[in-house]
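Only the coordinates and a few stated rules stand behind these numbers; no lab work does. Just so we're clear, the structure is a prediction, and the values are computed from it rather than from any experiment. Ideal geometry is used to build each Cβ from the backbone, glycine not excepted, and the neighbour counts take in all protein chains shown.
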Amino acid sequence: MSLLSLQREFLDFLLDQPSDIPVAVNGDSGPGLAVYHNAFRAQLVACLKDSYERLWAWLGDDAFDAAARHHIARHAPESWTLGEYGVGFAETIEVLYPEDPEVAEIAALDWALRRAFDGPDAPSFDPQRLAEVDWDKAAIHFVPTLDLLPVTTNCGAIWSAIAAGDDVPSAQFLPEPAWVRVWRMELQPHFATIEGTEMDAIQLAASGLSFARLCDRLAEKIGVEAAVEAAGRYLASWLQDGLIADIQ
Amino acid sequence: MPDDKIAPFHGFGLGLRIPHFQHFLTEDVPVDFVEIISENFMVAGGRPLHVLDQVRQRWPVAMHGVSMSIGSADGVRADYLKRLKALADRVQPLWVSDHLSWSRVEHVNSHDLLPLPFTDEALDAVCANILHVQEVLERPLVLENPSTYLTFADDQMTEWAFLTEMTRRTGCYLLLDVNNIYVSGTNNGFDPYEYLAGVPADRVRQVHLAGHSQGRERLIDTHDQPVPDPVWDLFSRIYPRLESVAAMIERDDNIPPLDDLLSELDVARRIAADVTMVAA
């Protein structure tokens with residue numbers, strides 16, 4: 001058997017596909033093959049537990065393992081790095097728990113925070129430079145780790161309670177659908193649940209619109225007075241949270 | 001390749017693991033070098049690289065990878081090598097190592113260190129891959145013997161004969177994992193002392209010392225236990241044959257307090273001193 005054929009057959013064996021690998025190994029190698037077969041799944045499950053730690057706590061060992069094995073059976077790892085294997089697990093969870101939307105939302109939050117943890121560096125904008133900004137022309141540039149997740153439940157409160165070791169609240173729908181913004185300030189990932197209007201403002205800014213034009217667009221939606229108040233409040237929180245990399 | 005040789009480095013080190021990050025950032029940890037898992041730092045930014053940059057300012061660093069898949073029949077992935085080269089340029093390591101194994105072929109990556117058949121064809125493939133990697137990285141590669149749990153019907157040579165020919169053809173160096181020799185020897189029925197006698201000692205630049213666990217029918221390379229007596233004995237046999245070498249305790253799971261690993265490292269220092277004195 002050629003090396004390429006042997007390696008294809010070995011991977012087929014690991015993936016529970018028909019395989020000729022048992023005839024390519026020496027006769028007493030059955031237990032050895034079992035070691036590789038078990039290690040393949042165990043490592044992927046461990047990887048998903050590491051990436052989705054709060055989801056694991058929310059589901060418990062048995063349910064998490066079942067979900068992980070369901071995912072592994074349908075998604076062979078392809079990336080060069082094991083750290084990427086968690087891509088798409090939140091979507092698998094969404095399919096497995098259609099009646100419990102908080103489960104997939106906790107999963108998405110876990111994954112977004114993991115991505116923010118070692119995402120690209122960018123120093124936060126220094127508020128002392130605000131006086132230099134030409135607000136008629138300047139646009140806001142967010143840190144590259146910023147991510148936005150749609151949510152309908154109190155997944156953020158559940159996540160925080162699990163992380164802090166506090167009493168975990170039961171899952172509840174929010175009064176209205178909202179968003180969670182995820183980002184990293186210096187070395188620490190953060191998240192915050194935000195209202196729909198702030199989400200609109202972030203998306204407008206991220207599209208390259210100047211801050212002045214952004215205020216105009218908000219005013220068209222919620223009125224001038226409310227838009228001025230909201231834009232000022234959002235800008236202050238973005239600066240305080242280290243969400244802005246530059247304004248120019 | 002600008003540098004076709006790796007100068008020997010004598011010392012005793014530890015792997016940089018997350019539970020010990022703070023010790024390495026704030027304390028004068030008594031090690032001569034630190035080994036990192038390359039893939040843990042092949043990231044865009046954040047805390048891992050922040051820690052690594054500070055550690056590198058204080059200690060020499062050896063880069064040790066697990067994802068190169070040097071034995072893949074279809075070559076080593078270019079995107080992986082590009083990121084590994086970027087990290088090596090940043091770290092300026094003692095050397096870059098990985099394992100004599102394969103993990104992926106075509107689109108599927110097992111993320112495990114799978115065994116190679118010891119055949120002429122596999123030797124050709126491995127050597128071609130090593131020469132390519134060394135060209136891209138602009139430095140010689142160091143390869144570690146992995147733990148294995150089976151052998152192939154088509155095997156044409158011993159593992160140590162494979163290693164010897166591989167280093168001769170490519171100029172690469174070896175990272176000798178003494179625990180892996182013991183585990184593979186027990187699982188596959190060869191004599192670890194015969195293995196030690198057969199490896200080209202002058203190509204060894206680093207030694208791993210680790211522990212293992214007893215599975216149902218195989219020893220399992222868990223790297224989650226203290227170094228056991230049979231591994232210390234193998235270390236004491238090979239050490240006098242090596243040039244200056246970087247020896248370290250490698251613990252990948254069930255990570256104990258740093259002081260426990262430093263105590264194990266002191267055992268390695270003591271054995272090295274004792275056997276060196278006897279040999280002299």
Averaged over peptide B:31-42, how many Cβ atoms belonging to another chain are found within 10 Å of each residue's Cβ? 1
I need the calculated FRET efficiency for the pair B:GLU135 and A:GLU229, taking r as the beta carbon distance and R₀ as 45 Å, to the nearest 0.05. 0.15
If R0 is 51 Å, what FRET efficiency do you get for B:VAL278 and A:ARG69 from their C-beta distance, rounded to 0.05? 0.45
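Ranked highest first by average number of other Cβ atoms within 10 Å, how do B:107-114, A:38-45, A:129-136, B:181-188 line up?
Ranking, from highest mean packing down: B:181-188, B:107-114, A:38-45, A:129-136.
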Report the antiparallel proportion of the DSSP beta bridges in the range B:130-280 as a percent, rounded to a multiple of 5. 15
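Calculate, in nm to one decimal, what B:ALA128 and B:ARG168 gain on full extension: separation in residues at 0.36 nm each, minus their alpha carbon distance.
So the chain would gain 13.1 nm between B:ALA128 and B:ARG168.
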Expressed as a whole number, the average count of other chain Cβ atoms within 10 Å around the Cβ atoms of B:215-223 is 3
What FRET efficiency, computed as 1/(1 + (r/R0)^6) with R0 = 30 Å and r the Cβ-Cβ distance, is obtained for B:ARG56 and B:GLN225, rounded to the nearest 0.05? 0.55
Please compute the length gained on full extension between B:ASP266 and B:ASP233, using 0.36 nm multiplied by the number of residues separating them and subtracting their Cα-Cα distance. 10.4 nm
Two-decimal Rg/Rh of the range B:132-274 from alpha-carbon positions, Kirkwood Rh? 0.97
Show me A:54-67, A:157-170 ranked by packing, highest mean number of other Cβ atoms within 10 Å first. A:54-67, A:157-170
Chain lengthening between A:ALA161 and A:ALA42 when straightened (0.36 nm per residue, less Cα-Cα): 40.0 nm
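Consider all pairwise Cα distances in the range A:178-240 and report the whole-number % of them above 13 Å.
Value for the range A:178-240: 64 percent of Cα pairs lie more than 13 Å apart.
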Let me have the relative contact order for the range A:106-233, percent, based on Cα pairs under 8 Å that are six or more residues apart. 28
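Determine the dipole magnitude for the range B:189-280: charges of +1 sit on the beta-carbon of Lys and Arg, -1 on that of Asp and Glu, nothing else is charged, the reference point is the Cα centre, and the result goes in debye to the nearest 20.
Around 300 debye, computed over the range B:189-280.
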Using only the alpha-carbon atoms of chain A as identical scatterers, what base-10 log of I(q)/I(0) does the Debye formula give at q = 0.08, 0.13, 0.15 Å⁻¹? -0.44, -0.89, -1.06
In the protein assembly as shown the DSSP beta bridges are antiparallel at a rate, in percent to nearest 5, of 45
For chain B, what is the largest minus smallest coordinate of the Cα atoms on each principal axis, given in angstrom and ordered from greatest to least? 51, 44, 40
Can you tell me which of B:LEU141, B:LEU174, B:LEU87 moves the most in a GNM of chain B? Springs connect C-alpha atoms under 10 Å apart. B:LEU87
Looking only at other chains, what is the average number of their beta-carbon atoms within 10 angstrom of each beta-carbon in A:204-214? 0
Candidate lysines for bridging to A:LYS221, where Cα separation is under 23 Å - those fewer than 8 sequence places away on the same chain excluded: A:LYS137
Dipole of the protein assembly as shown, Cα-centred, from +1 at each Lys and Arg C-beta and -1 at each Asp and Glu C-beta, to the nearest 20 debye? 980
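Using only the Cα atoms of the range A:135-248, what semi-axes does the equivalent ellipsoid have when each is the square root of 5 times a gyration tensor eigenvalue? Give whole Å, largest first.
Each semi-axis is the square root of five times an eigenvalue, giving 28, 18, 10 Å.
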Value of relative contact order over chain A, rounded to a whole percent, pairs C-alpha under 8 Å and six or more apart: 18
Over the range B:16-157: Rg over Rh, Cα atoms, Kirkwood Rh: 1.01
When the charge dipole of chain A is computed with +1 on Lys and Arg Cβ and -1 on Asp and Glu Cβ about the Cα centre, the Cα farthest towards its positive end, among A:GLY27, A:SER210, A:ALA139, belongs to A:GLY27
Karplus-derived 3J(HN,Hα), 6.51/-1.76/1.60, for each residue of the range B:260-274, Hz, glycine and proline x: 5, 5, 5, 5, 5, 5, 5, 4, 4, 4, 5, 4, 4, 5, 4
In nanometres, what is the gap between the two model label sites at A:GLU176 and B:GLU27, each 7 Å from Cα along Cα-to-Cβ? 5.4
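Using only the Cα atoms of the protein assembly as shown, build the gyration tensor, take square roots of its eigenvalues as a ≥ b ≥ c, and label the shape rounded, prolate or oblate: rounded if a/c is under 1.5, else prolate if a/b is larger than b/c, else oblate.
Because a/c hits 1.5 or more and a/b exceeds b/c, the protein assembly as shown counts as prolate.
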Can you list the GluC sites (Glu not before Pro) in the range B:1-101 that are in a DSSP coil and have 13 or fewer other beta carbons within 10 angstrom? B:GLU27
A:VAL180's amide H: which non-local residues (gap 5+, or another chain) put their own amide H closer than 5 Å, with H modeled 1.01 Å from N in plane and none for Pro or chain starts? A:LEU149, A:VAL151, A:ILE194
